[in-house]
Amino acid sequence: MHGQRSFDDLGTPLHQVTFCVVDLETTGGDPGACAITEIGAVKLCGGECLGTFQTLVNPGCAIPPSITVLTGISETMVLPAPRVETVLPALLEFVGGSVLVGHNLRFDVAFLDGALERAGYPRLANARVDTVALARRLVRDEVPDCRLGTLASRLRLAHRPSHRALDDALATGDLLHFLLERAASLGVLGLDDLVALPSMGGHPQAAKLRLTASLPRRPGVYVFRDRGGRPLYVGKATDLRSRVRSYFSTDDRRKIGQLLRETERIDHVVCSSTLEAAVLEGRLIRRLLPRFNRQGTRGAKAVYLKLTLGEPFPRLAIARSPRLDGGLYLGPLPSARVARLVADAIETAAPLRRCTTPIRRGRTSRDAPCASAQLGVATCPCAGAISEDDYRGIVGRVIAGLTVAPSLLLEPLEARMMALADAERFEEAAEVRDRTAALVDALRRQRRLDAMGASGRIEIEVAPASGATVIVEIDGGRLLRSWRADELALGTGPGGDAAAVSPAAGPPPEAPAPGQAVPSDVADELACVAGWLDHNAGRVRLLRADGQLASVLPALPKLRAHR
């Protein structure tokens, strides 16, 4: 009869929540050595009392005189009373799935859990609200202390505590209603808000909790704005209300304090799915460039590894952005460091030239070979040792290894790694493994981008683990529209001219021109959509597809770098 409240229950409006206020009297303060002498409980919902529960309990041991003086409960009174194991079934039925409330609730729950365990029952798993913690956040400046008797007197509650279980439970119920009215001024309207309030209320920017009052419990995107309306931060959420309010409690990132100090308004856009929220977040960050978004600078770090096919003796080079220059691009890659690792892997497997000296067609030598040629790790025309036709064979092997036959690059790397390990040059072998892992990761990302781009226009139905079924329309891996099956589609409707995911987001990023590598903004969105599809792979139903969905390329090995 008692259990953990579900995620949906936690979002229940407070006027619909059933609370059970519990208070115990005991023979002392140690749950392991002392016993319960009286149980009182009152069930409340919507400001009304639904019922009360009260019974004396035979503790099975002597009651100290000091406890009798404090509570008025004597051994004579409890002698005919039932033992606690006899009382527990009726108490559990009374509590049910309601939210437990108490003044210093931890004390009462410790005794109840101990009694339940000894009687063979599981511990209480109900959601809990402690009126001591709430009072410290909401009225501490108005009272000398937060003891129940002080609060009842200063706040003029209808019931006054008497160190008897039911009287104290009734007084705690009155206190709860008083605190709920006070908490409403901070936008506390649901059970999740109330449970989180003790940690939020102490936040230096707690007064700004009112900015979250209109946030729904739906997936979406939120925008923190300053006094002038300028965007400070853009984020996504599965539950907008819960996520934004968490900035006032659990989020301790270094810049959050400054962000909240500058925030004067919080806008939001409700989305049909977490996919739409993730895509909208990315588009807004790229369009608005909010000052507090770290990931907004990610595009500036992205680079491409380019095979310079536009020159007689192609080499590998790191480029900031792809161009229509005839080169073969791999990427975007997350950083120049990763690009260098991938380049090292390719150059280990195939002796491409490494020098940057321009070599004109027909010129195959110079006065002195480059350092890489002298060391024998590269086949460079500057050494006069290879013709353009012979070099073209090396380049062809690299092109095939990066596109349709990865084994042409991976097998030489594996052989090199094994040779180093056999020679007990383990550190060098580990370096080759790291380079190989970086190359495999880059090839896997490239395949995903290419596959998403070649998929054409598809429409799918996804039944996520929680929430309503979602219809998603994608074109070349870019999200066109998303809508819940129980709602009208955004934009012009299925089959029409595709609208943006949200008017605030702007249109989808433009697809790359034929022969051009995927730009970083498109790559980010394609990776986002692909990741979401992977996560929901077992719940996807294909409704329509215009392009190619299957791949005939050989599988890539699974490798992880040592560091």
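The values are calculated or read from the model by the stated rules, or taken from the named source; none is laboratory data. Source: prediction; values computed, not measured. Methodologically, a virtual Cβ is constructed for each residue, glycine included, from the backbone with ideal geometry; neighbour enumeration extends over all protein chains shown. Note: areas computed on protein heavy atoms with side chains; ligands, DNA, RNA excluded. Shrake-Rupley method; radii C 1.70, N 1.55, O 1.52, S 1.80 Å.
Peptides 532-545, 325-338, ordered by how many other C-beta atoms sit within 10 Å of their residues on average, highest first, read 325-338, 532-545. Label sites at GLU388 and GLU117, each approximated as a point 7 angstrom past Cα along Cα to Cβ, lie 8.3 nm apart.
For the pair LYS558 and GLU93, label points projected 7 Å from Cα toward Cβ lie 5.2 nm apart.
Only protein atoms count toward the accessible area here, which uses a 1.4 Å probe; on the range 124-276, the carbon and sulfur part of that area reaches 47 percent. A cut-off of 5 Å between modelled amide H atoms, ignoring neighbours fewer than 5 places along the same chain, links ARG457 with GLY476, ASP546, GLY547. Phi-derived couplings, Karplus 6.51 cos²θ - 1.76 cosθ + 1.60 at θ = phi - 60°, listed residue by residue for the range 255-267: 8, 5, x, 5, 4, 5, 4, 8, 6, 10, 8, 10, 8 Hz, with x used for Gly and Pro. If the reach is capped at under 18 angstrom between alpha carbons, list the lysines near LYS255, excluding any in the same chain fewer than eight residues apart. Counting by Cα, and skipping residues close in sequence, LYS255 has these lysines nearby: LYS208, LYS236. Work through the residues other than VAL234 whose Cβ is under 11 Å from its Cβ and net out their charges, Lys, Arg +1 and Asp, Glu -1. After counting each charged neighbour, the total is +4. Per residue, the accessible area of the range 219-287 comes to 40 Å², computed with a 1.4 Å probe over protein heavy atoms only. Placing pseudo-labels 7 Å out from each Cα toward the beta carbon at ASP145 and ALA33 gives an inter-label distance of 2.3 nm. For the range 1-155, just say rounded, prolate or oblate: build the C-alpha gyration tensor, square-root its eigenvalues into a ≥ b ≥ c, call rounded for a/c under 1.5, and beyond that prolate if a/b exceeds b/c, oblate if not. Note, shape of the range 1-155 comes out oblate.
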